[in-house]
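The block underneath contains the structure these notes are about, expressed in C-alpha cells.
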Amino acid sequence: MSPAKKQRTEQAEELASSEGSYSSSPMYEDEGEESFPMAAESGERVPFFHRSPSSPEQQAASQSPVEWESHKRDVAFDQATKVEDVGTAHVSDFASDDPSVKDQQFPLLRNCFDSFDEFDFSFSDDLERMLAFALGTHSRAGNNSFVRLLNSNVLQMILCCELTIGPTRYYKTLRSALSCGSAKCAALVKIYVDPGLHMLEAEAEVKEPTRLIIRSLAPPEASGEKTVFSSLQGRPLLRVSCSDAKVHVSDVDFIFRHDGPSTTDLKQRCIWVTEGKLLLQRCGITSDTGIGICVLRSGVVRVDQCEISNCGFVGIASAQGGVAEIVNRCKISGNRHFGVLATDSGSSSMIQDSEFTGNGTYGIGVGAGGQLKALNCEISNNQVGIISKGFGSHVSLRDCKINRNSRIGVGVREGASAMVQGCQMQRNLYGACVSNYESIISLHKSDLSENLTHGLGASDGGTAEAFFCTMQGNQVGVVSKGQGSTVLLNSSKANKNLRIGVGIREAGKAKCVQCEMVENQYGVCALNYGASVSLLKCVASQNERYGLSSSDGGFVQATDCLFENNLQLGIGAWHSESRVVLVRCTARRNGRTGLASRVGSNVVATDCAFNSNQQFGVYVSGESSVITLKNCAANSNGLYGVGCSEGGLAQAADTVLDKNQQAGVVAKDAGSAVALRNCNASSNGRIGVAAIVGGHVEAVGCTLKHNERVGIGAWHAGSKVTLLKSEASENGATGISAIDGGVLRAVECSVIANRRVGVVARDGNSVISMHKCISNRNGRIGAGARGQGSIEAVECFLSDNVQSGVVAQDEGSKVALVQCSLEGNGSFGISVRSGGLAEMVSCMIRNNMCAGAYACHVNSRVAMWWCNTLDNGPTVLNSRDGCVVKIFDSPLQGSYKVIQDTPCDMEGAASLGCQSSVVDLAYPEFVHSYQISGKSHSKLIYDAFFRILQENFQRVGVK
C-alpha cells in the first residue's frame with residue numbers, strides 16, 4: 001500500500017474508532033499497483049462539500065465573496081473536482097481494419113493517451129472506504145439517509161483542503177501553501193490563485209503523495225487578467241518529485257526568466273517532473289534560457305490547451321523514461337531549438353490536436369531511443385518539422401500537417417524509424433528524408449507535395465516506404481541516393497514534379513509497384529553506376545522529356561509497365577554500363593521514340609510493344625550500344641520500327657515490325673548492325689528492312705511482305721544485308737534491292753509476287769548474291785541488274801514472272817547464274833540489253849513465252865555454258881543490234897535467231913543504233929576439262945569456277 005493510502009486509512013480508522021463503529025465492512029487494501037486507462041469524461045461521484053472555516057487560514061481563504069461567486073460559477077470544477085475534458089476520446093478508426101494496410105504490413109497507430117484516469121484528482125475511493133468504517137451498524141442505510149450524509153460531509157472536510165494564495169491572502173506563495181499542515185494531511189488539496197503576477201523566490205516542490213489542484217481563482221475570460229507565476233532568483237517554478245503525487249494546474253501561466261550573466265543555460269527548467277503526474281490545462285509556459293517543461297524518469301505530464309513558447313532550448317522535454325502528453329489545441333511555438341523533445345529509451349511523447357510552429361530548429365525531436373506518437377497536429381514554419389534520430393527512436397504520425405518548414409518536414413536518421421499515415425508534408429525544402437543504414441520511414445496515404453527540393457528522399461543507406469502516397473509539385477518527387485539507400489513505392493503517384501518523378505542515383509535503389517510518374521520532366525531516372533530501379537505495373541506518361549531514363553551506369557527493370565505520351569522518349573538508356581530490362585511493357589504515342597539506347601548502353605526487351613511513336617519505335621545509336629528484342633512489336637511508328645545508327649547494334653527475335661510510316665528496320669552508318677530472327681517486317685510505308693550508309697543487316701527466317709516499295713535492301717557503299725530462309729513477297733515495288741553500292745546476300749529465300757521486280761541490283765558496285773532462292777510471280781522481272789549493278793545466283797529458281805526471269809541492263813551491269821532455272825516467264829528467260837553482261841553455267845531455260853534468251857544492243861554480251869533450253873516460245877535465242885553471244889557446249893533445242901539491221905523496237909531497247917549480232921557456237925571440248933558436277937557447291941568453288949570461265953572467255957574472244 002502506498003504511504004498516502006496508508007496515511008488516509010489510519011485517519012479513517014481513528015475516526016471510526018472514536019465513533020465506536022467497528023462492526024461493519026472492513027477496509028481492504030489495494031491489490032497491486034494503480035493502472036491508468038484512457039481518461040474518461042465522467043468526474044467525481046459524490047457531491048462537493050464546502051466545510052465551514054475553522055482554522056485561521058481557512059477563514060482568510062473564505063472571506064472574499066468574489067471567491068464564492070467564482071466557485072458557484074464553475075460548477076464543473078466544484079462538483080467532485082472532476083478532471084476537465086482533455087480532448088483525448090477514443091478515435092474509433094485508429095485501429096480500423098484497413099486491408100490495404102494489412103497487405104503491406106503497415107502497422108497502425110493506436111491510442112496511447114492512457115496516463116491519467118478520472119480518479120486521479122478525486123478522493124471518492126478514500127471517501128467510500130472511510131464511510132464504511134464510519135457508518136458501522138448503519139452501513140445498510142440508504143445513500144440519501146441523514147446518517148450517511150452527515151458522515152460524508154464530515155469526511156470530506158477531513159479529506160479535502162482548500163486554500164487560496166495571493167498578495168492579500170494568508171498564503172502568499174505556492175510553496176507556503178503546500179507546506180501547511182492542512183495540505184499535508186488532506187487526501188486532496190485545492191489551491192486557488194488570485195489573478196496577477198506572483199513572483200516566486202524558490203520553486204514549489206510537490207514531494208508528498210498528495211493530490212493537488214492549482215487553479216486561477218478567476219480565469220482570464222472571466223476577470224480579464226492572467227494568473228502568472230514567475231521567478232525572482234532564476235529557479236524552477238514547480239517540481240513534482242513523488243511517485244504518488246498527482247498535480248492538476250489550470251488557467252495559470254509559468255514564466256521563467258533568468259537575469260544572470262548567462263542567457264544560454266539549456267538545463268534551466270520552468271517546470272519539471274521527475275516522478276508522479278502533472279496535468280496542465282489552459283496554461284502558458286515560458287523559459288527564456290532553458291526548458292519549459294521537463295519530465296524525467298517515471299514522471300508523466302499531460303499538457304491540455306496550453307501554450308509553450310519562447311523557451312531557450314526546448315518547449316517540452318521527456319528524458320530518462322519520462323512521458324509527455326500534449327493534447328487538445330496546444331500551441332508550442334517560438335522555442336529556440338525544439339518544440340518537443342523525447343530522448344532516451346523509455347521516454348515518450350504523445351501528441352494530439354496541437355500546433356508546433358516557429359521553433360528555431362525542430363518542431364518535434366526524438367532521439368536516443370525515444371518514442372513519439374502524434375495525431376491530427378500541425379507542425380509548420382520550423383527548420384525541421386519532425387526529426388527521429390538514433391537506434392530505437394521511433395515516430396508515429398497520423399493525420400498531421402507538416403508544412404512550410406524551412407528545411408525538412410519529417411527526417412529519420414542514424415537507425416531511427418518513423419511511420420506516417422494520412423499526413424501532409426508540403427512546401428518544405430524536403431518533404432520527408434531518411435538517411436543512414438537501418439533508418440526507415442513508412443508512409444501511408446500521405447501527401448508530399450510542393451516541396452522546394454524533393455518530396456521523399458532516402459540517402460546513405462536509409463529506407464523509405466510509401467503506400468498510396470502522392471509526391472507532386474516538387475523539384476523531384478522521390479530520391480534514393482547512396483549505397484544501400486532504398487525507396488519502396490506501392491500504389492503511389494510521383495506526378496507534376498518540376499524535374500523528376502522518381503530519381504535514383506549513386507548506387508541508390510528503388511522498387512515501384514502500381515505507381516504513376518506523370519507530367520514530370522523525367523518520369524523515372526536511374527543515374528550513376530550501381531543505381532537501380534525496379535518497376536512493376538507502373539505508368540510513366542506525359543513527361544516533358546522521358547518516361548524512363550537510365551544513364552551513367554544506372555540499371556532499370558520494368559515489368560508490365562506503360563510509357564506513353566511522353567514528349568520525347570518513352571524509355572531511354574545512355575552511357576556505358578547503363579542497362580534497361582523490359583518485360584511485357586508498352587511504349588506508345590511518345591513524341592520521338594518509344595525505346596532508345598545510346599552511347600554504349602544496353603537494353604533487353606521481352607514481350608514488349610513500341611507502337612505509334614512519332615519517329616521510332618526502337619532506336620539504338622553509338623558504339624557498343626545494344627538493344628535486344630524478344631517477341632516484341634514495333635508498329636505504326638512515324639519513321640521506323642527499329643532504327644540503328646552510329647555504330648549501334650539491334651537484335652530482334654520473333655518480333656513484329658509492321659505498319660511503320662517509312663521502314664520496319666533501318667541500319668545506318670558504318671559499324672551499325674541489326675540482326676533479325678523470325679521477325680515480320682511487313683506493311684510498312686516504304687521499306688521493310690534497310691541497310692544504308694554503311695549499315696549491316698542480318699535476317700534469318702523473316703517475313704517481309706506488303707511493304708509500300710521494298711521488302712529488304714542495302715543502299716550505299718559499305719551497306720550489307722545477309723538474308724537467310726526469309727520471304728520478301730507482295731511488296732509494292734521490289735522484294736530485294738541493292739542500290740548505290742550496297743551488297744546483299746540471300747540464301748534459301750523466297751521473293752514472290754512483288755509488284756514490279758523480285759530482285760534488283762542497281763548502280764555501281766551494288767551486288768546481290770543468291771543461293772537456293774526463288775523469285776517467282778513478280779509483276780515484271782524476277783531478278784534485274786542495271787546501272788552497273790551485279791547479281792550472282794546459284795541454284796535459284798526465277799520463274800513465272802510477268803516479263804523476264806533475269807535482266808542485265810546498262811553498260812557494266814552483270815548477271816552470273818549457276819545451276820539456275822528460268823522457267824515459265826511471260827517474255828524471256830533472260831534478257832540482256834544496253835551493254836549488260838550475262839554469264840550462265842549449267843542453267844535450265846524453258847517454257848518462257850517469247851524466247852529462252854534475248855540479247856540486244858552494242859556491247860551487250862551473253863555467255864552460256866552447259867545450259868539447256870526447252871520448250872521456249874518462237875525462238876530459243878533472240879540476238880540483235882550488235883550484241884555478242886557465246887554458247888559453250890550447250891544444247892539449244894529449237895531455233896535460234898539473229899536479227900540483223902532491223903529497228904531496235906524490242907523490250908527496253910536503248911537508242912544505240914542497230915548493228916549485226918554475232919552468235920558463236922563453241923566446240924564442247926574447248927572447256928570440257930573444266931566441267932563440274934551438277935550438285936550444289938560452296939561459294940568458294942563457284943568463285944573459282946567463274947574465274948576459270950572468265951579466262952576461257954578471253955581465249956575465245958569474248959570481251
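The values are calculated or read from the model by the stated rules, or taken from the named source; none is laboratory data. What you see is a predicted model; the values in this text were computed from it and never measured. Cβ coordinates were reconstructed from backbone atoms using ideal geometry, including for glycine residues, and neighbour counts include every protein chain displayed. To get the accessible areas, we keep the full protein, side chains included, count just its heavy atoms, and leave off ligands, DNA and RNA. Shrake-Rupley method; radii C 1.70, N 1.55, O 1.52, S 1.80 Å.
Summed over segment 489-544, the residues that are open to solvent by 60 Å² or more (accessible area, probe 1.4 Å) and on the phi < 0 side of the Ramachandran plot give a count of 10. Residues in segment 278-291: is at least one open to solvent by 50 Å² or more (accessible area, probe 1.4 Å) and in contact (Cβ under 8 Å) with a residue 40 or more places away in the chain? Scanning segment 278-291 turns up at least one residue that is open to solvent by 50 Å² or more (accessible area, probe 1.4 Å) and in contact (Cβ under 8 Å) with a residue 40 or more places away in the chain.
On the stretch given as segment 221-248, residues that are in contact with a Gly (Cβ under 9 Å, 6 or more places away or on another chain) and more than 21 Å from V273 (Cα to Cα) total 3. S624 satisfies every condition listed in (1) assigned to a strand (DSSP E or B); (2) among the hydroxyl-bearing types (S, T, Y); (3) open to solvent by 10 Å² or more (accessible area, probe 1.4 Å) except (1).
Residues that are open to solvent by 10 Å² or more (accessible area, probe 1.4 Å) and in a strand (DSSP E or B) within segment 688-699 comprise I692, H696, E698, listed in sequence order. Can you tell me which residue within segment 295-316, out of those that are aliphatic (A, V, I, L, M) and open to solvent by 10 Å² or more (accessible area, probe 1.4 Å), is farthest from T343 (Cα to Cα)? The residue in question is V300.
Within segment 667-687, is even one residue basic (K, R), in a strand (DSSP E or B), open to solvent by 30 Å² or more (accessible area, probe 1.4 Å) and more than 18 Å from G758 (Cα to Cα)? Yes - at least one qualifying residue is present in segment 667-687. Here S597 passes the criteria (1) among the polar types (S, T, N, Q); (2) surrounded by fewer than 24 Cβ atoms within 10 Å (Cβ to Cβ); (3) under 19 Å from G647 (Cα atoms) except the one numbered (2). If you go through segment 397-450 and keep only what is open to solvent by less than 10 Å² (accessible area, probe 1.4 Å) and in contact with a His (Cβ under 8 Å, 6 or more places away or on another chain), you end up with A416, A418, V420, G431. Only residues that are closer than 13 Å to R755 by Cβ and open to solvent by 10 Å² or more (accessible area, probe 1.4 Å) were counted in segment 771-791, giving 4. Only one entry of E708, E727 meets the criterion of being closer than 20 Å to V794 by Cα, open to solvent by 10 Å² or more (accessible area, probe 1.4 Å), not hydroxyl-bearing (S, T, Y) and not assigned by the TED database to the domain that holds V802, and that entry is E727. Could you run through segment 306-334 and say how many residues are free of Cβ contacts under 8 Å to residues at least 60 places away in the same chain and either in a strand (DSSP E or B) or on the phi > 0 side of the Ramachandran plot (or both)? So the answer is 18. When we screen V747, V743, V751 for residues that are at pLDDT 95 or above, of a type in the set (V, I, T) and on the phi < 0 side of the Ramachandran plot, the only hit is V751. Filtered by the rule that a residue be surrounded by fewer than 24 Cβ atoms within 10 Å (Cβ to Cβ), assigned to a loop (DSSP other than H, G, I, E, B) and without any contact (Cβ under 8 Å) to a residue 40 or more places away in the chain, segment 792-806 gives S799, D800, V802.
Condition check: open to solvent by less than 20 Å² (accessible area, probe 1.4 Å) and among the aromatic types (F, W, Y). Does F828 satisfy that? In short, yes.
Restricting the first member to segment 808-824 and to residues that are in the same structural domain as L870 (by the TED database), and the second to residues that are modelled with pLDDT of 90 or more and of a type in the set (D, E), the beta-carbon pairs closer than 9 Å and six or more apart or on different chains are E823/D800; G824/D800. If I go through segment 590-610 residue by residue, how many of them are assigned to a strand (DSSP E or B), touching a Lys or Arg at 6+ places or on another chain (Cβ under 8 Å), farther than 11 Å from N631 by Cα and among the polar types (S, T, N, Q)? Looking only at that region, the number is 1.
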